1. Which ones in the stretch 272-303 are in contact with a helix residue (DSSP H, G or I) (Cβ under 6 Å, 6 or more places away or on another chain) and assigned to a helix (DSSP H, G or I)?
2. Considering only the stretch 150-177, how many residues are of a type in the set (Val, Ile, Thr), surrounded by fewer than 24 Cβ atoms within 10 Å (Cβ to Cβ) and closer than 26 Å to Leu188 by Cα?
3. Quick one: is Leu220 in contact with a strand residue (DSSP E or B) (Cβ under 9 Å, 6 or more places away or on another chain) and modelled with pLDDT under 95?
4. Please specify each residue of the stretch 351-369 satisfying the condition of being part of a helix (DSSP H, G or I) and among the small types (Gly, Ala, Ser).
5. Please list, ordered by residue number, the strands (runs of 3 or more DSSP E) wholly in the stretch 370-470 having 3 or more residues that are without any contact (Cβ under 8 Å) to a residue 60 or more places away in the chain.
6. Quick check on this structure: which one of Leu305, Leu357, Leu319, Leu314 is in contact with a strand residue (DSSP E or B) (Cβ under 7 Å, 6 or more places away or on another chain) and more than 29 Å from Thr467 (Cβ to Cβ)?
7. Read through the list (1) surrounded by fewer than 20 Cβ atoms within 10 Å (Cβ to Cβ); (2) touching a Gly at 6+ places or on another chain (Cβ under 8 Å); (3) closer than 24 Å to Leu49 by Cα, then give the number of the only condition that Ala147 fails.
8. Take Ala534 and tell me if it is open to solvent by less than 20 Å² (accessible area, probe 1.4 Å), aliphatic (A, V, I, L, M) and closer than 19 Å to Tyr330 by Cβ.
Amino acid sequence: MAYFQEVAIISGAYPKPVALVLQYGTAGFRAKADQLDHVMYRMGLLAVLRSKKTKSTIGVMVTASHNPEEDNGVKLVDPLGEMLAPTWEAYATQLANAEEQDLKSVLINILDNESMNLQEMARVVLGRDTRPSSQKLAQVVVDGVTALGGTYQDYGLVSTPQLHYMVCCWNTMEQYGTATVEGYYRKLSQAFLALTKQTTYHLEELRQLNVDGANGIGALKLQELEPYLQKKLLLKVHNDGASGKLNYLCGADFVKVQQKPPQGLDMKANERSCSFDGDADRIVYYYISESGYFHLLDGDKIATLITIFLKELLAKADLDLQIAVVQTAYANGSSTRYIEEVMQVPVYCVNTGVKYLHHKAQEFDVGVYFEANGHGTVLFSKAAESKIRQLAQDKNQMGEKSNAAKMLENTIDLINQTVGDAISDLLTIEAILSIKGFTIQQWDFIYTDLPNRQLKVKVSDRQVIVTVDAGRRTVSPAGLQQNIDALVKQYNLSRAFVRPSGTEDVVRVYAEADTQTNADTLAHEVSLVVYKLAGGVGEEPKLIH
């Protein structure tokens, strides 16, 4: 128990702010950076315990993703690059909120619950984003790791998906890839170049892409990657952090919510552009038409494009593998209809939150999952990957079948299966567009999004809203769902749902319909019902025109 004396001494340097209560969610902890010293220290401790328990390398990423620059946060990464196990999320919350005098008993409780051996070796890998507070907070994590006798490797400035990749490399004895940033660039670029080598770029503009780096880590890493791409793709990086503020009036979240281009990006008509979020695990595409209309290609459009490509290759390779798409309630109804009815690919709807999509996608040979916000990836089962690689390497196979198998193999290597990765997704999308010879407009016209609107209603207690059916229907408060159903019936091609926010006392309202006016009106009418039946506070919602 000598460890715990050391832990207590160092902990005194990182006191918990009075009355601060934090919850470990899908995205870990997030708060104002100056409130997080104690959390970082304690997550260093928890990472060591998790490493000892799993006998694996565990990752700690210091980031607050698309939050404002003055915020920060931390998330732990499990052995195969996946999100932290739910029982350990609960431990994280207990540790973060424990008063100083209770810290030792909370740690001992975790040890007892998990029947752990403290003598087990522990290794933690660490990464951080570009926020001014990140370097100092990462050092506090190191203090936590070393206090419990863990060893660590600090990767410094990396994107969140790069850290997930590193963890997976460490724990697969580098079968997944080489556990360096250069190894990551080499793996992705080689797969991209191999996948696109059959294609001929006729048009110079098809090779050029505007990238809004959200003034974050993604811009930095994309510039490091570019030399590996051998000029096959010309990236014009905007909002590269040289002058602008992280996530301020730019980035994937801004573009998705505001439905307009980021500041710092002068777009010509029909020019292909995309935005990363602050830690580069989300991506959305967009363009402006000749008439000046803004077109957003979000996670639903990305999932559809990738699914079309994979389904065609599986058919050409004559591989009988089950492909499925996983969405949330926020997916546009047009995308769901197109994938199910036209493409004949099953779609599953799960609760909002990446961990739910990832978990469901693991049930299929090929599971494509994207949230509408642009966070997503593709998972290949071990069996599917083995079949594809065997066929690709079969010397007796020739022609279309062999070619398709090789393209599938390159796609597996190009995709970051541990987590949504803006850089990996960008290369995958660009490869598919070039192979199919698609402009961004042709991609956009595969199906037309139904007009939609998202609103927030302030309530005194968000927990009065209880939902079922992956968040699509409410069972409490009484009468709310019946009112929503009655409103939805008044509009064509319409649907609406409400769900409590995971982080603040607001209820999120989503509506879609055949026209933007109808979607706006339906969203407003639903928000009024929520305000009346779910304890709305402040002014009654107003219709936004």
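1. Once the filter is applied, which keeps residues that are in contact with a helix residue (DSSP H, G or I) (Cβ under 6 Å, 6 or more places away or on another chain) and assigned to a helix (DSSP H, G or I), the stretch 272-303 yields only Asp300.
2. 1
3. The answer is no for Leu220.
4. Correct list: Ala361 only.
5. 376-380, 466-468
6. Sole residue among the options that is in contact with a strand residue (DSSP E or B) (Cβ under 7 Å, 6 or more places away or on another chain) and more than 29 Å from Thr467 (Cβ to Cβ): Leu314.
7. Single failed check for Ala147: (1).
8. Answer is no for this residue.
The values are calculated or read from the model by the stated rules, or taken from the named source; none is laboratory data. Predicted model only: the values in this text are computed from it and were never measured. Here Cβ is always computed from backbone atoms with ideal geometry, including for glycine, and neighbour counts include all displayed protein chains. Surface areas here come from the heavy atoms of the whole protein model, side chains and all, with no ligands, DNA or RNA. Shrake-Rupley method; radii C 1.70, N 1.55, O 1.52, S 1.80 Å.
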